[in-house]
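Trainee: So that we are looking at the same thing, I have put the structure below in C-alpha cells.
Coordinate-derived values only; no laboratory data. Because the structure is a prediction, the values reported are computed rather than measured. Neighbour counts are summed over all protein chains in view; Cβ atoms, including those assigned to glycine, are modelled from backbone coordinates with ideal geometry.
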Amino acid sequence: MRRESMRGAGPLALQIGTPTADTTDAARAANGTGAPGVPLPLSIASQSADASARASRTRWRRSVMWRRAVAVGATVALAAVAHAAALPQRAAAASNGLQSAVVNTALTKVSPVAGWDTPFFAANYSQIGEKFSTAAVGDLDNNGVPDIVVGAPDGHIYAWRTDNGVRWFDFFTGPGAVQASPVLVDYNHDGRLDIVYANTHGDVGVVEADYHRLLTVKIGPDQPWGGVFGTPAVADIDNNGNYEVIFTSFDQHIYAYMENGQPFPGWPVFLGDTSWSSPAVGDIDGDGEPEIVAGYDCDGAPGQACAPAYGGYVGAWKINGTRVPGWPKFVDRQVVWSSPALADLDGDGRLDVVVGQGNMPATMFDGGKQPMNGEYVYAFHGDGSAVAGWPVRIGRNVTSSPAVGDINGDGRPDVAFVAEDGLLYAFSGSGQLLWTHCAGNNPYAPPNTGVATASTCPGLHASPTIADVDADGRQNVLIGGEQWLRVYDPDGSLHYSGETVTGTEPMTAAPSVTSVNGKTWIVEVSATSIGGARGKVFAWTTGTTLGRADWPTFKHDMLRRGTNTTVVTFPVYKAAYSPTLYRLVNGSAQALTYAQWLAAGLPTPRPSPTDYVMYPWAPTLYAVTFWPAAWQWDMLTYAQWQGAGFPAPRTATWIAGSDVYKFATSPTIYVKDPAGLVHALTYAEWEFMNYRQPRIIA
C-alpha cells in the first residue's frame with residue numbers, strides 16, 4: 001500500500017521533480033568531483049471432456065465452501081476425533097522469552113467511527129457471503145495523497161482519499177464479485193499507478209485512475225465456471241521491461257497475459273480442476289528466472305491425475321508453462337485454497353514455498369466416511385522436498401494464506417496464519433511453535449474442535465500481516481478476525497486493538513499496513529447487511545512512524561507477488577532532509593518514482609552518504625551527498641534542516657555553484673554563494689579556500 005517517513009514497506013507519496021546541481025566544468029574540476037553534478041529531485045510535493053461431469057460437484061462445493069463445521073453435524077466432529085487419534089498431537093503454545101512493552105492499547109481510528117461506506121450494493125455477486133478483497137494503498141492520481149483502493153462484491157473497485165475520506169473513484173469491473181485484492185502497478189510505465197482487477201465473472205483487466213482501460217480479458221464461460229477468485233500477481237517474468245498479469249481461475253486454467261493483451265507463450269496451463277488459490281511469483285529453483293506457484297483442486301473424477309484419490313495440488317511452473325521438476329505436490333483428502341508464500345525459511349539462499357490447505361468438509365467426497373486431511377501447513381524447497389521441521393500440525397484446516405517475516409527478532413523468517421479452530425498461529429522458520437491466540441473477538445478464548453460454541457473461538461480464515469507498526473524495532477502480527485483488529489507483539493502479547501462497528505461481518509481480508517503523512521495506518525475491509533448490503537473500510541493509526549514491514553499486506557506487496565526475500569534487486573538510499581529515494585546506476589544517483597520502488601519490493605532505504613556544510617560568513621546551509629560518480633549539492637530550507645534533526649554543519653572550503661571573481665582594477669576577491677550572497681574574502685579566507693583562482697571581470 002505515499003509516505004513521509006519512508007520507513008519499512010508500504011505505500012506512500014514520493015517527491016519527484018527537477019534537481020539543482022553544479023553544471024560548470026570548471027566548478028566540477030575545482031570542487032574535486034571529477035564528474036557532472038547529479039540532478040536532485042525536489043518536492044512532489046478448454047475445459048477437459050469430463051469437466052461437465054464435475055460441474056455439479058464443483059457447484060455444490062462452492063456453496064458449502066465457507067460454512068462452519070456446525071452445519072456439517074456430529075459426523076464430522078466424530079470423524080475428526082478419530083482422525084486426530086492416529087496423528088501426532090498439536091503442540092501447546094510456547095513462550096520465546098520476549099517481553100511485551102504494552103498490553104492492549106486502543107488504536108486511534110482515523111476513518112469515521114462507522115467506517116467509510118461503499119454505495120449500497122445494487123447487486124451482490126458473491127456466492128460465499130464473505131469479503132476477501134484486501135485494501136491496496138497508493139497515490140492513484142499523483143496528487144501526493146495516498147488513496148485506499150478496495151474491491152467489492154458488487155463488481156466495483158472503489159477508492160478513498162486519505163486526507164479527507166472522499167470516495168472519488170468508482171469503477172465497474174463486470175457482473176462478478178471482486179474477491180481478488182487490487183494490484184497497484186505502473187502498468188504502462190507513465191509514472192502513475194494503475195489498478196489490476198479480477199472478478200468472479202471472469203473479467204480481468206487493468207484500469208487507470210481516469211478510467212481508461214489498459215487491458216481487458218474475459219476468460220471462460222459466464223459465472224460461475226469462468227470466474228477468478230484468487231488475486232492476480234504482476235511481475236516481469238521474462239525480464240523484458242514489461243509486466244505480465246498472472247491469475248488462476250474456476251475454468252481449470254492458470255493464465256499469464258502480456259501487456260499487449262496476448263497470452264504469454266506457453267500459457268494458459270490446464271490444471272484439470274478449479275483454483276481458488278492466488279499465484280505467487282519468485283525464483284524457487286535458483287535458475288535466475290521466476291517460477292509461478294499456485295494451489296488447485298483435484299476431486300478424483302475419472303481422468304484426473306489424482307484419481308481415484310481426491311484432494312488438491314500445489315503446482316509450480318517455469319515461465320514457459322512447463323512444470324518445475326519435483327512438482328506438483330499432492331495433498332490427500334483436502335483441496336488447496338490457501339495462497340502460497342515464498343520465502344527463504346532455512347537460510348540456504350533459495351526461496352521456499354509455504355502454504356496451507358483448504359476447508360473442504362468430509363461429506364464432500366464420500367459422505368464423511370473418511371476424515372479430511374486439512375490440519376497441516378507445508379513448506380517445500382524448490383525441488384519439492386520438505387523443509388526441515390515441516391509440515392506443522394495445527395488444530396484444524398488452514399484456508400488462510402501465510403504471512404512470512406521475522407517475528408521473534410532472530411533475523412530469520414517466521415510464519416503466521418489462521419486455522420479454522422479460530423487460532424492465529426506463529427511458527428518459527430524451523431517449524432517450532434512460537435505462540436497462538438484466538439483471532440476472534442475474545443483473544444483468550446479456547447479453540448473450537450469442529451463445532452464453535454459461545455465460549456470457544458469461532459472458525460476463521462482471515463490472513464495475517466507482519467509489520468513494526470510503532471517503530472519500536474520489533475515486528476508485530478496483525479489479524480482481523482470478527483469485529484476487532486488485533487496487533488500482537490513478538491511474544492504473542494496483545495499490544496493494540498481496533499474496533500470496527502457492531503453489525504459488521506467477520507473480517508476475512510488481510511490488514512494492510514502503510515504510512516500516511518509519516519504515521520502508521522492500518523486499513524481493514526469488511527461489510528455489513530444492516531440497512532442494506534454495503535462494504536465497510538476502517539483505518540486506524542498508532543500515531544507513530546512505521547518501522548520494518550516484512551509482510552505488510554496480502555501477498556506481501558501491492559504487486560501481490562507473494563514473495564518475501566531479503567535479496568534486494570538494488571539498494572535504495574534516502575537523505576534525512578528529503579523524502580526522495582535514489583538508486584545508484586554506474587555510480588550516479590537516479591531518483592526513483594514510487595512505482596519503481598514498489599516494483600523493487602519496497603526495500604527499506606539506507607541512509608545516503610550526506611554531509612552538511614556552510615560558509616562561515618553566510619547563513620545558508622547546504623547538503624552534499626557523496627555519490628561515487630558525482631557529488632550532489634542541495635540548498636536547504638529551515639524545514640529541511642529541522643527534518644534532518646538539526647545536524648551541526650561543518651565549515652566548507654567550497655560549495656558547488658559558488659562564483660569566485662575579482663575586478664581587473666581591484667585586488668579584492670569576492671565569492672558569490674549559490675543563494676546570491678556576495679562576500680569579500682580576507683586573505684585568510686582565501687587561503688582556507690586553497691587559493692581558488694578567481695575569474696577576472698574587465
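Trainee: Between Tyr187 and residues 5 or more places away or on another chain, which pairs have amide H atoms under 5 Å apart, with H built 1.01 Å from N, and which residues are they?
Mentor: Amide H neighbours of Tyr187: Asp194.
Trainee: Can you pull out the chymotrypsin sites (Phe, Trp or Tyr not before Pro) in region 204-254 whose DSSP state is coil and whose Cβ has at most 12 other Cβ atoms within 10 Å?
Mentor: For chymotrypsin sites (Phe, Trp or Tyr not before Pro) across region 204-254 that sit outside H, G, I, E and B with at most 12 neighbouring Cβ atoms in 10 Å, the list reads Tyr211.
Trainee: For region 51-563: lysine pairs with Cα atoms under 29 Å, gap of 8 or more or different chains, count?
Mentor: 19
Trainee: From the square roots a ≥ b ≥ c of the eigenvalues of the alpha-carbon gyration tensor of region 169-229, which class results: rounded (a/c under 1.5), prolate (a/b over b/c), or oblate?
Mentor: Since a/c reaches 1.5 and a/b is larger than b/c, the shape of region 169-229 is classed as prolate.
Trainee: Please list, in chain and number order, the residues 5+ apart from Glu482 or on another chain whose amide H is under 5 Å from its amide H, with Hs placed from the backbone.
Mentor: Answer set, sorted by chain and number: Asn441, Met507.
Trainee: Right, another one. Once you have a ≥ b ≥ c as the square roots of the Cα gyration tensor eigenvalues for region 51-563, tell me rounded if a/c is under 1.5, and otherwise prolate or oblate according to whether a/b is larger than b/c.
Mentor: rounded
Trainee: Return, ordered by residue number, the residues of region 642-686 whose backbone nitrogen is under 19 Å from a label point located 7 Å along Cα→Cβ of Phe626.
Mentor: Residues passing the 19 Å test: 647-657.
Trainee: If the only charges are +1 at each Lys and Arg Cβ and -1 at each Asp and Glu Cβ, what is the size of the charge dipole of region 200-340 around the Cα centre, to the nearest 20 debye?
Mentor: In total the dipole reaches around 380 debye.
Trainee: Fewest to most neighbouring Cβ within 10 Å: what's the order for Cys457, Cys306?
Mentor: Listing Cys457, Cys306 from fewest to most nearby Cβ atoms yields Cys306, Cys457.
Trainee: Mind pulling up the Rg/Rh value for region 482-541? Radius of gyration and Kirkwood radius, both on Cα.
Mentor: That ratio is 1.02, to two decimals.
Trainee: Using +1 on the beta carbon of Lys and Arg, -1 on that of Asp and Glu, and nothing else charged, what's the dipole of region 457-598 about the Cα centre, debye to 20?
Mentor: 540
Trainee: Which residues in region 148-162 place their backbone N less than 20 Å from a point set 7 Å from the Cα of Ala122 along the Cα-to-Cβ direction?
Mentor: Counting only backbone N, you get 150-160.
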